[in-house]
Amino acid sequence: MRTILYDEHVKMNANIVDFHGWDMPLYYESIIKEHMYVRERCGVFDVSHMGDIFLTGSGAEESLMKLFPSDISKMKEGDCLYTAFLNNDGNMIDDTIIYKFNKEKFLCVPNAATTDKILDHILKNKTNNCEVKNSSSELSCIAIQGKDSVNIMKNLGLKFPDFFKFYEEKGMIISGTGYTGEIGCEIIIKNNEAVNLWEKIVDDLKKIGCGPCGLGSRDTLRMEKGMLLSGQDFNSDKNPYEASISFIVDNDHNYIGREKLLSNQKPERIFRGIIMNEKGSFPRHGNLIYDESGKEIGIITSGSISPILGKGIGLGYINRNESKSDTSILVGIRDRKFNGKVSRPRIVP
């Protein structure tokens, strides 16, 4: 599948790759250069592959209360909320952002690879008087990330949204959200208006020596900030306590997987960051983590180089009693073990 902005990516000589069935740009110039655009000034991402599922009607809020461990009833109009869909075992099927328009209208933004699965999950578990519409093929999404995103929005004549708040204007949904750990916003827009908006943003970015960013820098940016990647850091096999996002859990209501989740609040392994100490040691998904004696104590689920630290970094699951920050560990990369240390998931403050 191609996003509406596909031709714009090709025109800019982007390196196009398959991403869960979508043709997406890995990078335009280089992963590190685009990473630094966002950390130092600003960059823009095409994230139109993300899903857009609307729930409406008098049963919408009740349905979401059943579907999520988070208390949706506490949301105010115009709020965004990070949470996750759970299965009957209390494990995460997918994480998501929920938008509340009012008590009878919500938007759920699942990940690209899980949109169909999540749609089916919602339809099977929704209560009566809740209508579900999958608008994923009708809407595009453009993410402007970095401190200069405030000025980019001003140039577009748009108000910059508050953190995890959203508003509607000219048919767009504009939210103070992102996947980079920097100040920024995401604009959900009709497909036929997306290219024009994209071109305006790219033109403004070029004036400050920045530009569009691909999947590669999106991945390194989120890793530095300890953000989970659905299908890689979890795949219906980890619960919110294991993934170190227990803040999404509110046990004052009944939801799918509640009983199993309550019985596993202190799992053996928890999600942590890893910072490598040796040059040339770049962890990858599946690399094992060992204590200093060589005993296996965990596994890397995401790994790369941190352009900010200039070191290899990783995210993964490690035995709880070995998870304290600065604990010395070893990571098996290829045919040898490299020195590193444990960090909180947010590796770069």
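The values are calculated or read from the model by the stated rules, or taken from the named source; none is laboratory data. A quick note: this is a predicted structure, and the numbers were derived from the prediction, not measured. Cβ: placed from backbone, ideal geometry, glycine included. Neighbour counts: every protein chain shown.
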- Query: For the subset of segment 310-331 comprising residues that are among the aliphatic types (A, V, I, L, M) and touching a residue at least 60 places away in the same chain (Cβ under 8 Å), which member is surrounded by the fewest Cβ atoms within 10 Å (Cβ to Cβ)?
  - Reply: Ile313
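Of Leu288, Leu229, which residue is of a type outside the set (Ser, Thr, Tyr) and either touching a Phe, Trp or Tyr at 6+ places or on another chain (Cβ under 9 Å) or outside the structural domain of Ile318 (by TED's automatic domain parsing) (or both)?
On the way: Leu288 fails: either touching a Phe, Trp or Tyr at 6+ places or on another chain (Cβ under 9 Å) or outside the structural domain of Ile318 (by TED's automatic domain parsing) (or both).
So the residue among Leu288, Leu229 that is of a type outside the set (Ser, Thr, Tyr) and either touching a Phe, Trp or Tyr at 6+ places or on another chain (Cβ under 9 Å) or outside the structural domain of Ile318 (by TED's automatic domain parsing) (or both) is Leu229.
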- Task: Among the residues of segment 323-336, count how many are closer than 17 Å to Thr301 by Cα and touching a strand residue (DSSP E or B) at 6+ places or on another chain (Cβ under 8 Å).
- Result: 5
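Conditions (1) in the same structural domain as Val195 (by TED's automatic domain parsing); (2) more than 25 Å from Leu156 (Cβ to Cβ); (3) basic (Lys, Arg); (4) modelled with pLDDT of 95 or more, marked per residue:
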position: Ile31; (1), (2), (3), (4): yes, yes, no, yes
position: Met36; (1), (2), (3), (4): yes, no, no, yes
position: Arg39; (1), (2), (3), (4): yes, no, yes, yes
position: Cys42; (1), (2), (3), (4): yes, no, no, yes
position: Phe45; (1), (2), (3), (4): yes, no, no, yes
position: Gly59; (1), (2), (3), (4): no, yes, no, yes
position: Leu64; (1), (2), (3), (4): no, yes, no, yes
- Message: Can you tell me which condition Ile274 does not meet? The list is (1) touching a Ser or Thr at 6+ places or on another chain (Cβ under 8 Å); (2) part of a loop (DSSP other than H, G, I, E, B); (3) within 26 Å of Ser217 (Cβ to Cβ), and all the others hold.
- Response: (2)
- Item | Restricting segment 173-182 to residues that are in contact (Cβ under 8 Å) with a residue 24 or more places away in the chain and in contact with a strand residue (DSSP E or B) (Cβ under 8 Å, 6 or more places away or on another chain), the residue that is surrounded by the most Cβ atoms within 10 Å (Cβ to Cβ) | Ser175
- Go through (1) in contact with a Leu (Cβ under 8 Å, 6 or more places away or on another chain); (2) within 30 Å of Ile270 (Cβ to Cβ) one by one and return the number of the condition Cys42 breaks. (2)
- Message: Tell me the residue from Lys206, Lys165 that is among the charged types (D, E, K, R), in contact with a Ser or Thr (Cβ under 9 Å, 6 or more places away or on another chain), over 17 Å from Gly51 (Cβ atoms) and assigned by TED's automatic domain parsing to the domain that holds Lys11, please.
- Response: Lys165
- Tell me, which residue of segment 242-289 that is hydroxyl-bearing (Ser, Thr, Tyr) and surrounded by 18 or more Cβ atoms within 10 Å (Cβ to Cβ) is nearest to Asp89 (Cα to Cα)? Tyr255
- Message: Here are the criteria: (1) within 27 Å of Leu67 (Cβ to Cβ); (2) part of a helix (DSSP H, G or I). Tell me which single one Pro240 does not satisfy.
- Response: (2)
- Message: under 29 Å from Phe45 (Cα atoms) and modelled with pLDDT of 95 or more: is that true of Pro240 in this structure?
- Response: yes
- Residue hits (segment 152-170; touching a residue at least 60 places away in the same chain (Cβ under 8 Å), closer than 19 Å to Leu205 by Cα and exposed (fewer than 15 other Cβ atoms within 10 Å of the Cβ)) are none
- Boolean, Phe282 is of a type in the set (Phe, Trp, Tyr) and assigned to a loop (DSSP other than H, G, I, E, B): yes
- Item | Restricting segment 139-170 to residues that are β-branched (Val, Ile, Thr) and under 22 Å from the mean Cα position of the chain (by Cα), the residue that is nearest to Arg39 (Cα to Cα) | Ile144
- Filtering segment 243-265 down to residues that are of a type in the set (D, E, K, R) and assigned to a loop (DSSP other than H, G, I, E, B), which residue is nearest to the chain's Cα centre (by Cα)? Asp250
- Task: Tell me which residues, restricted to segment 298-339, are in a strand (DSSP E or B) and either under 25 Å from Lys33 (Cβ atoms) or basic (Lys, Arg) (or both).
- Result: Ser302, Gly303, Ser304, Ile305, Ser306, Lys311, Gly312, Ile313, Gly314, Leu315, Arg336, Lys337
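For segment 20-133, give me every one of the strands (runs of 3 or more DSSP E) that falls completely inside it and has 3 or more residues that are in contact (Cβ under 8 Å) with a residue 40 or more places away in the chain, surrounded by 19 or more Cβ atoms within 10 Å (Cβ to Cβ) and of a type outside the set (S, T, N, Q).
Passing ranges, in order: 22-27, 43-46, 80-86, 92-102, 105-109.
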- Quick one: how many residues across segment 134-151 are of a type outside the set (A, V, I, L, M, F, W, C), buried (at least 21 other Cβ atoms within 10 Å of the Cβ) and under 19 Å from Asn196 (Cα atoms)? 3
